[in-house]
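Chemist: The structure's right below; bear with me while I get my questions together.
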Amino acid sequence: MFPTFVSKYLFFVLSFFVGNVLLAQSTATIYGKILGEDNDPVEDVSISILGGTQAPSYSNAKGEYSYKIPADVELTIVFYSISHFQEQRVVKLAPDEKLEINRILKFKNQITTVEVTDENRYQTTSRIDPINISHIPTASQDFNAILFTLPGVSNRNELSSAYSVRGGNFDENLVYVNGIEVYRPFLVRSGQQEGLSFINPDMVSSVLFSAGGFEAKYGDKMSSVLDVQYRRPRKFAGTFSGSLLGTNLHLEGMSKSNRFTWMVGARYKTNQYLLRSLDTKGAYKPMFIDGQAYFTFDVNTNWQLDLLGNYASNSYQIVPESRETDFGTLNQALRLKIYFDGQEIDKFQTMMGALSAIYRSDNEKATLRFIGSVFNSQESEAFDIQGQYFIDELETDFGEENFGDAVANLGVGTFLQHARTNLTAYVYSLEHKGNYNIDRKKQVLWGVKYSHEDISDKLSEWKYVDSADFAVPTVVPYVPVDGFELQDVIKQKINITSDRVSGFLQGVYNKELKDTSNLSVTAGVRANYWSLNQQALFGPRATLGYKPNWKRDFLFKFSTGYYYQPPFYRELRDRNGIINYDLKAQTSIHFVLTSDYNFKAWRRPFKFVVEAYYKYLDNLIPYEIDNVRIRYSAKNNARGYATGIDFKVNGEFVKGVESWFSLSVMQTQEDVKDDFYFDYYNSDGELIKPAVTVNDVAVDSTKQFPGYIPRPTDQRVNFAIFFQDKMPGLPDLKMHLNLLFGAGVPFGPPGAERYKQTLRMPPYRRVDLGFSYQLLKEKRTRKEKGVGRYLNSVWLSLEVFNLLGTNNTVSYIWVEDVTNRQYAVPNYLTQRQLNLRMIVKF
C-alpha cells in the first residue's frame, strides 16, 4: 500500500506542476474594482471561474483585484460575496491580454422578488421614500405621521399613531416589519397614553403601503397593509436626534467578513410639553421608552439568520387639578369648570422577538423563510378620579363690562371614576414563507402560519354620579351599593386560549404583448381557521395590471378579492366585559380601479394616481369610538359599504425635494339588522318622543327602522399636503409643510343606540410647519479635520405645531343641567407650540 500511496502522491504533484507550467505559458489577466450600490469598495469578493478548479482571487480593502485566467478559452467569471448578489461575465482573452472588469454588486437587503417593470407599479402597494419621514413636522414625532398625508388615510388626533383607512377603524390595518406581523396595544383609551409605534424610522430601509385590494400574501384584515423592511447595514453608521419631545439614538455596523450585521435603536419620548396646552391642567408624567435590535448572520452562501427584538415600556401618570372649557354658540356661550381629586397611572409593556432562517438557492430562483416569533403585552390601568364641576352661562353682549364672564349657573355635580384593569397577552407563532422565480416574469409565492394565543384580562370598572344626576347620563348596567347607584359597572375575569392556522398561495405573471404593451396578473387565495369559533374561511384575491403602448406613461389596474377579519380579543368583548365566543369574522369584498400616470413638468418627474373603490361589508361588528378607544358590541349584526375616490399627485414641485397633494372623498354606512324604534303620536296626531309603551309595546305608534346610518369613521372629505421647499439663495435651508383637513365624523351620547350616534364633530384642521438648516453637509462633499470628519451631516430644525391655533375636537364629555338637558362638551387637542430638533448622522 505504501508504494501505491507514494505513486499517487507523486502523480498528483507532477500533474499540478505541469498544469501550472502550461497555464503560465498561456494566460491572460482580468482586473478591476468592485463597489457596492453606495459606491463604497467591497472587500473579500471572490473572483473565480465557473466550474473550474483554479483557486479564486479576492478583492482588497479598496475593492481592487487582479486574476490570471487561461487564455484562448471561453470562461464564465463569477463575482461573489456572501452579502451581495452574484454577478457573472463571459470572457475569452488572447494570451497576455489584460481586461478591466468593474462591477457594482447589489446588496442582499430583501428577499428576492420577481422583476416587474418600474418598481412595484403593477401591485396595489405604493412605495414611500423613508427620507421624507425624518423631515415631516408632526407633534407625535412618529413614523406613522407620513401615512396620514396619503389618500384614503385618516387621523384626527396628533397625539396618536392610530389611523383609519377608507372607512375602516384602527384595528383593521395590517403592519409588518421584515415580514413579521406587529400588534397594537389593547387598553389604550386616549392619545395621551400612546407612546411610540413599533416602527423605528432610523432603521427603515423600504416602506410599502396599500389602502385596499392588497395581495393574498398579506394577512387577514379588512382595510390596509403597511409593509416595512429594516435596513441591512453595510458599514458603521449612526443617528442621534433630540428635541423637546424626546431623544433617539441608533447605531449599525458590519463585521469585516461582511457575514454579520447589527443594528440597534433606542428611543425616548415624553409629550409632557404638549399636554400642558390641554384644557385639563395638572401634573402630567408620561414616559415612553423603546429599544430594538436587528441582527443578521450569513451562515454560508445559502443560509442566513435574522433576529429582530423589541422592548417597549410606556407609562402615563396624571394628577389632574382643574379644567376649564368654553363651548356653545354666539347666542349661548357656556363654560364648564371641573376641579379634580385623585390620579391615573397606566402602564403598557410590550416585548417581541422573532428569529428567521432564510434559504436562497444557488441560482437565486428559490427563497425559503422560516420564522418563529413571540409577542407579549402586559397592560394595566389604575385610576380613581373625582370631578366636581359647574356649568355656567357666559355674557355674550359685547357692550357689557362683564363680557365673557359667568352670569348664571346652570348645573353643579360630582362624579367619581374608578378602574383597576390588568391584561396579559401572549402570541406564539411559527411561519413558513417561500417564493420561486420560474423566470424573470413569473413567480410563485406561498406561506403557512400557526399561532397560539393566550390572553387573560381582569376588569374592574365603575362610575358614580351624584344623586342630582348632573354628570354623565345614567346608563345600564348599574349596581346599587349601600344606597348608591354605580353606573357602567364591569367586573370580569377573562381567560382565552386559542389557535389559528392560515395560509396562502399566490402567482405573479408578467407578459409583454405583441404591441409592446405590458400585462401583469397577480392572483392568489388565502385561507384561515380559528379554533375559538371553529370557523374556516377561504377567499380569492387578484390584481390585473395593464400598461398600454401609449406615448404617455399610463398604467391601469383592477383589484378585487375577499378580505376576512377573524375577531381578536377587542372585538370579542362587549361594553359589559362579556365575551362572545361564537363571534364570526367580518367580511369585506374590495373592488379597486386605479389609474397611474407618470409625467414630467418643468423637466422634473411627477406621478398622478387616481383610485376609485367600493367595499361591500358584511357580518360587521358595530362599535363606537371615544378618543382612540373602540368599544365593540360583540355581535355580527350589521352590514354596510364604503365607497369613494382618492387622488394623489407627487413629484419635485421644487427641484431636488419631493412633495405631494392628496384628496379623498368617501362615504361609509352600515345597517344594524336588529335595531328599530317607535314613533308615538298623541290624540291630536302630534309626534311625541320618547315613545310611551305598554307592556313593551308602543301605543298609537309606528315602528321605524333606521336603515343605513353613517359608521363612526364616515369622514366624507380628507385633504392633505406635504410640501417641501428650498429658500432661494440659501439651499441649505428647507421648509416642510404638513397640512391636514378632515371633515367631521359621527358621534353621539355614550351608550346610546347606534342610530342616535349620527351627530357630527367639527372638521379636523391642522397645519404644522418646519424649517431645517443643514449645519454640516454630507460627508462626501467636504473634507474635514477633527471631530467633523466623523460626522456625516447635521440638521437643525425649528417646528411650529398647530400653526393656525385651531381648536380641534377629539371627543366629548357629556353633562346635564338642572333641567336634565344634555350638553356635549368638547375635549380639545393641543394648541400652537414650538419645537426645536437636531439630527446628527455619523
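Chemist: Spin-label point model (7 Å from Cα, Cβ direction): what's the Arg631 to Gln388 distance in nm?
Modeler: 2.7 nm
Chemist: If you don't mind, another one. Determine the dipole magnitude for the chain: charges of +1 sit on the beta-carbon of Lys and Arg, -1 on that of Asp and Glu, nothing else is charged, the reference point is the Cα centre, and the result goes in debye to the nearest 20.
Modeler: 4080 debye
Chemist: Going out from 0 in 20 Å bins, what whole percent of all Cα-Cα distances in the chain drops into each bin?
Modeler: In order of increasing distance, the bins hold 13, 42, 31, 11, 3, 1, 0 percent.
Chemist: So, one more: So if R0 is 41 Å, what FRET efficiency would Ile645 and Val90 give, r being the distance between their Cβ atoms, rounded to the nearest 0.05?
Modeler: Step by step, r from the Cβ atoms, then E = 0.20.
Chemist: From the cross-link list Lys337/Lys493; Lys511/Lys615; Lys235/Lys655, which pairs have alpha carbons spaced over 32 Å apart?
Modeler: Lys337/Lys493
Chemist: Taking every Cα atom in the range 475-630, find the radius of gyration and the maximum pairwise distance Dmax, and write them in Å.
Modeler: My reading of the Cα-based Rg and Dmax gives 24.1, 85 Å.
Chemist: Here is a further query. Let me spell out the model: positive unit charges on the Cβ of Lys and Arg, negative unit charges on the Cβ of Asp and Glu, origin at the Cα centre of the range 625-666. What dipole size does that give, in debye rounded to 20?
Modeler: Using Cβ point charges on Lys, Arg, Asp and Glu, the range 625-666 gives about 340 debye.
Chemist: Among Leu245, Leu737, Phe678, which residue has its Cα positioned farthest towards the positive end of the charge dipole of the chain, with +1 placed on the Cβ of Lys and Arg, -1 on the Cβ of Asp and Glu, and the dipole taken about the Cα centre?
Modeler: Of the candidates, Leu737 comes out farthest on the positive side.
Chemist: Here's something else I'd like to know. Helix 2-25 versus the longest principal axis of the chain: what angle, 0 to 90°, nearest 10, using Cα atoms?
Modeler: In the chain, helix 2-25 runs at an angle near 90 degrees to the longest axis.
Chemist: What FRET efficiency comes out for Tyr80 versus Tyr436 if R0 is 35 angstrom and r is the Cβ-Cβ distance? Round to the nearest 0.05.
Modeler: That gives a FRET efficiency of 0.95.
Chemist: While we're looking at this one, here's another question. Solvent-accessible area per residue for the chain at a 1.4 Å probe radius, Å²?
Modeler: Solvent-accessible surface per residue comes out at 46 Å².
Chemist: Further question: What pairs from Lys269/Lys347; Lys221/Lys584; Lys600/Lys777 go past 22 Å between their alpha carbons?
Modeler: Long pairs (Cα-Cα over 22 Å): Lys600/Lys777.
Chemist: Related question: Keeping the other protein chains in place, figure out the carbon and sulfur percent of the accessible area of the chain, with a 1.4 Å probe.
Modeler: 57 percent
Chemist: Report the gain in length on full extension from Asp515 to Leu836: 0.36 nm times residue separation, minus Cα-Cα distance, nm rounded to one decimal.
Modeler: Extra length available between Asp515 and Leu836 comes to 110.0 nm.
Chemist: Same structure, new question: Could you calculate the contour length gain from Ala752 to Ser255, that is, 0.36 nm times the residue separation minus the distance between their Cα atoms, to one decimal place in nm?
Modeler: Length gained between Ala752 and Ser255: 172.8 nm.
Chemist: For Cα pairs less than 8 Å apart in space and 6+ apart in sequence, what is the mean separation divided by the residue count of the chain, i.e. the relative contact order in percent?
Modeler: 9 percent
Chemist: Given labels modelled 7 Å from the Cα in the Cβ direction, how far is it in nm from Asn598 to Leu804?
Modeler: For the pair Asn598/Leu804, the computed spacing is 3.6 nm.
Chemist: Then there's this: Putting +1 on Lys and Arg Cβ atoms and -1 on Asp and Glu Cβ atoms, find which of Tyr562, Gly545, Tyr614 reaches farthest to the positive end of the dipole of the range 530-672.
Modeler: Gly545
Chemist: While we're on this one: Stretched out fully, how many nm does the piece from Asp341 to Phe398 gain, at 0.36 nm a residue minus the Cα gap?
Modeler: Net length gain for the segment: 16.9 nm.
Chemist: Given Thr516, Gly413, Leu226, which one lies farthest toward the positive end of the charge dipole of the chain, if we put +1 on the Cβ of every Lys and Arg and -1 on the Cβ of every Asp and Glu?
Modeler: Sorting the options by dipole projection puts first Thr516.
Chemist: Can you work out the FRET efficiency for the pair Phe676 and Arg821, with r the C-beta to C-beta distance and R0 = 30 Å, to the nearest 0.05?
Modeler: Efficiency, from the Cβ-Cβ distance: 0.70.
Chemist: Follow-up question, since we're still on this one. So what is log10(I(q)/I(0)) for the range 189-305 at q = 0.15, 0.22 1/Å, when the Debye sum runs over its Cα atoms only?
Modeler: Calculated log10 I(q)/I(0) at the listed q: -0.89, -1.17.
Chemist: Rounded to the nearest 20 debye, what is the charge dipole size of the range 117-179 about its Cα centre when +1 sits on each Lys and Arg Cβ and -1 on each Asp and Glu Cβ?
Modeler: 120 debye
The values are calculated or read from the model by the stated rules, or taken from the named source; none is laboratory data. None of the values given here were measured: they were computed from a predicted structure. Glycine gets a Cβ as well: all are built from the backbone with ideal geometry, and neighbour counts include every protein chain shown. Remember, those area values only see protein heavy atoms, side chains included, never the ligands or the DNA or RNA. Shrake-Rupley method; radii C 1.70, N 1.55, O 1.52, S 1.80 Å.
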